[in-house]
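Right, one structure below, let's go through it.
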Amino acid sequence: MTIKTSDRLSKIKPSPTFELAQKAKEMKAAGRDVISLTLGEPDFDTPDHIKAAGKKAIDEGFTKYTPVPGIPELKDAIRHKFKEDNGLDYARDEVMASTGGKQSLYNALMASVNEGDEVIIPAPYWVSYPDMTLLAQGIPVIVECSDKDGFRLNAEALKSAITDKTKWLILNSPSNPTGATYSQDDLRKIADVLVEFPHVNILSDEIYEHLTYEGFVCVSILQVAPELKDRTVIVNGLAKAFSMTGWRMGFAAGPKEIIAAMTKVQSQSTSNPCSIVQKAAITALTEPRDFLDGWIAKFKERRDLVWERMNEIPGLTCYKSEGAFYLYPNCGAFINKKSPDGIVINSDADFVSYLLESFEVAVVPGSAFGLSPFFRISYAASVDELNRACDRIREACASLS
Ligand code: GLU
């Protein structure tokens, strides 16, 4: 290597979700019949009225720099969203837009974490929380949440993880990778602990908030505990509920000082989010979301199908989660088993690579999300693909002894 990379970089790995999705794509391109249930990406098209707003922005020449945190009309659309959906009031200097929700999370950690600060991350977690914390020179403090607790952080575990150095608790409901969703009661119990520790801030990733099933109501922690507002940053975005993953539009709301600090980080990295996407985002956030009910009905049908089919496979158990578009089956019964070709399964990563290499189904191992032995299925795929993937997983499991 000619350019030596930083010590900081050596502490992190590439995003495993993207890596596996890329591997599945390459195998497909090489002619293999791979079914990829890797990336958390809705398979619906972006709604037409949102696309039209993007096209109009281009035609009208709205293609120049904008203010770093987004144009005032977008900030107002973000404020409108928080008021309408969550009953939360924010001023213009308490919100900002970013290039995907991911960048808002990154901005928040880079703007606030000092070397040695601790960030409590309930596991299983979304792959980027610990690595972003490490890049900011913080220490991820992983608190495991078992499937018996519905993969939710319980108040006692939170309390015992808090130290004088705790800077943030990262909450994610509904969760990636499990789909687990906190009820108002769950959130109140967590908030009661947080009230005791005023130095702990809350970074609440609510990007899946609209995707819940059977009427499960997902609320923000601030709706349950408004007293935490002066130390909470909410992150959200358009990728999941509006099927706009590639557009990269996220946003954050919080106290004006931290939003200003996050804006400073962004001003020295990417500047404003894409001007065209800002216009599309205003439409997305202010127009009715008539398309969403149909999407949710489809996701529910797929969740029920995959959940039933996973639990029918001897050896697999799967918690039925309330939201997002992920299931997280437990494959512990297959550890130490062997395939007819002599492949030994020592971990969930081995199980997942056996599924991919021998049965051409791509999923993500629990090791990527900090809780093994599990694997994540993204059920944002057609019923036909899901059925074929479930057939293959059943066959794969039956071949292990
Ligand atoms: N959040 C999605 C996932 O977990 C997209 C990929 C990523 O940003 O890691 O699959």
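The values are calculated or read from the model by the stated rules, or taken from the named source; none is laboratory data. Bear in mind that the values here come from a model prediction, so they are computed numbers and not experimental data. Neighbour counts run over all protein chains shown; Cβ positions are idealised from the backbone, glycine included. The area values use the complete protein model at the heavy-atom level, side chains included, leaving out ligands, DNA and RNA. Shrake-Rupley method; radii C 1.70, N 1.55, O 1.52, S 1.80 Å.
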Filter segment 372-401 down to the residues that are closer than 26 Å to Lys240 by Cβ and either part of a strand (DSSP E or B) or open to solvent by less than 10 Å² (accessible area, probe 1.4 Å) (or both) and list them by number. Phe374, Phe375, Arg376, Ile377, Ser378, Tyr379, Ala381, Leu386, Ala389, Cys390, Ile393
Considering only segment 153-161, I want to know if a residue exists there that is open to solvent by 20 Å² or more (accessible area, probe 1.4 Å) and within 16 Å of the ligand (Cβ to nearest atom). no
Among the residues that make up segment 52-72, is at least one of them crowded, with 19+ Cβ neighbours inside 10 Å, part of a strand (DSSP E or B), aliphatic (A, V, I, L, M) and more than 16 Å from the ligand (Cβ to nearest atom)? no
What do you reckon, is Tyr129 within 16 Å of the ligand (Cβ to nearest atom) and aromatic (Phe, Trp, Tyr)? yes
Go through (1) in a loop (DSSP other than H, G, I, E, B); (2) of a type in the set (D, E, K, R); (3) within 27 Å of Phe369 (Cα to Cα); (4) out of contact with any Asp or Glu (no Cβ under 6 Å at 6 or more places or on another chain) one by one and return the number of the condition Asp33 breaks. (4)
Only one of (1) more than 16 Å from the ligand (Cβ to nearest atom); (2) open to solvent by less than 80 Å² (accessible area, probe 1.4 Å); (3) in a loop (DSSP other than H, G, I, E, B) fails for His80. Which number is that? (3)
Residues of segment 378-401 that turn out to be touching a helix residue (DSSP H, G or I) at 6+ places or on another chain (Cβ under 6 Å) and either without any contact (Cβ under 8 Å) to a residue 40 or more places away in the chain or under 19 Å from Lys298 (Cα atoms) (or both), as a count: 3
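Table: residues versus (1) in contact with an Asp or Glu (Cβ under 6 Å, 6 or more places away or on another chain); (2) more than 23 Å from Asn176 (Cα to Cα); (3) without any contact (Cβ under 8 Å) to a residue 24 or more places away in the chain; (4) surrounded by 23 or more Cβ atoms within 10 Å (Cβ to Cβ).
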{"site": "Asp192", "(1), (2), (3), (4)": "no, yes, no, no"}
{"site": "Val195", "(1), (2), (3), (4)": "no, yes, no, no"}
{"site": "Asp205", "(1), (2), (3), (4)": "no, no, no, yes"}
{"site": "Val224", "(1), (2), (3), (4)": "no, no, no, no"}
{"site": "Glu227", "(1), (2), (3), (4)": "no, yes, no, no"}
With Leu134, Leu105, Leu109 as the choices, which residue is within 16 Å of the ligand (Cβ to nearest atom) and open to solvent by 30 Å² or more (accessible area, probe 1.4 Å)? Leu134
So Ala362, is it modelled with pLDDT of 95 or more and either open to solvent by 40 Å² or more (accessible area, probe 1.4 Å) or more than 16 Å from the ligand (Cβ to nearest atom) (or both): no
Filtered residue count, segment 12-27, keeping only those that are open to solvent by 100 Å² or more (accessible area, probe 1.4 Å) and at pLDDT 95 or above: 2
I'd like to know if segment 83-97 contains one or more residues that are of a type in the set (Phe, Trp, Tyr), surrounded by 18 or more Cβ atoms within 10 Å (Cβ to Cβ) and assigned to a helix (DSSP H, G or I). no
Can you find a residue in segment 198-210 that is out of contact with any Cys (no Cβ under 9 Å at 6 or more places or on another chain) and more than 18 Å from Val224 (Cβ to Cβ)? yes
Return the residue satisfying two criteria in turn: it lies in segment 232-282 and is on the phi > 0 side of the Ramachandran plot and out of contact with any strand residue (DSSP E or B) (no Cβ under 9 Å at 6 or more places or on another chain), and of such residues it is most open to solvent (accessible area, probe 1.4 Å). Ser271
Condition first: part of a strand (DSSP E or B), touching a Gly at 6+ places or on another chain (Cβ under 6 Å) and of a type outside the set (Ser, Thr, Tyr). Now tell me which residues in segment 315-334 satisfy that. Gly323
With respect to the numbered conditions (1) touching a strand residue (DSSP E or B) at 6+ places or on another chain (Cβ under 8 Å); (2) among the hydroxyl-bearing types (Ser, Thr, Tyr); (3) farther than 25 Å from Pro288 by Cα, which one is the sole condition not fulfilled by Tyr65? (1)
Filter result for the condition that a residue is aromatic (Phe, Trp, Tyr), within 16 Å of the ligand (Cβ to nearest atom) and not in a helix (DSSP H, G or I), over Tyr182, Tyr208: Tyr208
Of everything in segment 36-51, what is part of a loop (DSSP other than H, G, I, E, B), touching a strand residue (DSSP E or B) at 6+ places or on another chain (Cβ under 8 Å) and of a type in the set (Ser, Thr, Tyr)? Give them in sequence order. Thr38
Scan segment 11-30 for residues that are part of a loop (DSSP other than H, G, I, E, B) and either within 17 Å of the chain's Cα centre (by Cα) or within 14 Å of the ligand (Cβ to nearest atom) (or both) and jot them down. Ile12, Lys13, Pro14, Ser15
Residue hits (segment 321-341; modelled with pLDDT of 95 or more and open to solvent by 40 Å² or more (accessible area, probe 1.4 Å)) are Ala333, Ile335, Asn336, Lys337, Lys338
